[in-house]
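Only one structure is covered here, and it is reproduced in the block below.
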């Protein structure tokens, strides 16, 4: 039953995504500029996106390994691809939920263990990103004399995920207090009790952010941007932190709008920012749809060799 449901969800998700893509890109001028980009650039950007998948797979393999679930890098890569595919075409990061259901069904991996593994990786990723943001504000911002950030309603949108999460937690604090404290205590003991794993996870997180930042820089350079690399660091960190929760499937449209708003506020041209955001999106979407869609189909058919074994 689960396999049929997963195939149905993937098929519907891909259909919805394709419809949304054609609706969101109606500008002939923009498409004309995109078609003039050297194919070698598209290959390079896509290669970066594939490498991002590999890094996410390595992170996930480390995280679940700490909780006793041994999986190969090939399996981890399929899980990462499936998760990103469903996160991109469905709202509310549904891929994370589907992966949790799959692991519980296939390997009896409990939801508590899955949450601890997921929370550890997310904590490291967002924690490192916060440090990058702090560093950019302290070390880079004072050097940018020509940048003026005025207020925009969009800044509230960037802060919304954190505000929503805090509000939800406060509203259910009494009900969740005991369970949350128990899970968090166990997570802290596990992660900080294994500094080698935490260090490896931090390394892969640094590589992940470096690749994502590099892809954005290349997209901006291709589009003719003259923004300082330091400002791009700040822009990347601010947008990624602000949109850590999905407003739309894969934050399609929202991330592009955020990059344009923040980029223009930092001195970039709106048309250049828009083209760069679309280039960055298309290069990642190609990999997500091809590899993620195939991995989702493969896992739904239960044809992946070398399934994980729990210790």
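The values are calculated or read from the model by the stated rules, or taken from the named source; none is laboratory data. Quick caveat, the model's predicted, so the values are computed rather than measured. Ideal geometry is used to build each Cβ from the backbone, glycine not excepted, and the neighbour counts take in all protein chains shown.
Within region 94-110, identify whether any single residue is farther than 18 Å from residue 57 by Cβ, in contact with a strand residue (DSSP E or B) (Cβ under 8 Å, 6 or more places away or on another chain), modelled with pLDDT of 85 or more and part of a helix (DSSP H, G or I), and answer yes or no.
no
From the set of residues in region 220-231 that are surrounded by 17 or more Cβ atoms within 10 Å (Cβ to Cβ) and part of a helix (DSSP H, G or I), which is nearest to the chain's Cα centre (by Cα)?
So, considering only residues that are surrounded by 17 or more Cβ atoms within 10 Å (Cβ to Cβ) and part of a helix (DSSP H, G or I), the one nearest to the chain's Cα centre (by Cα) is 220.
Within region 76-89, identify whether any single residue is outside any helix (DSSP H, G or I) and either at negative phi or at pLDDT 90 or above (or both), and answer yes or no.
No.
To keep it simple, each residue is scored yes or no on (1) over 30 Å from residue 101 (Cα atoms); (2) crowded, with 19+ Cβ neighbours inside 10 Å; (3) touching a residue at least 40 places away in the same chain (Cβ under 8 Å).
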position: 218; (1), (2), (3): yes, no, yes
position: 233; (1), (2), (3): yes, yes, yes
position: 266; (1), (2), (3): yes, yes, yes
position: 291; (1), (2), (3): no, yes, yes
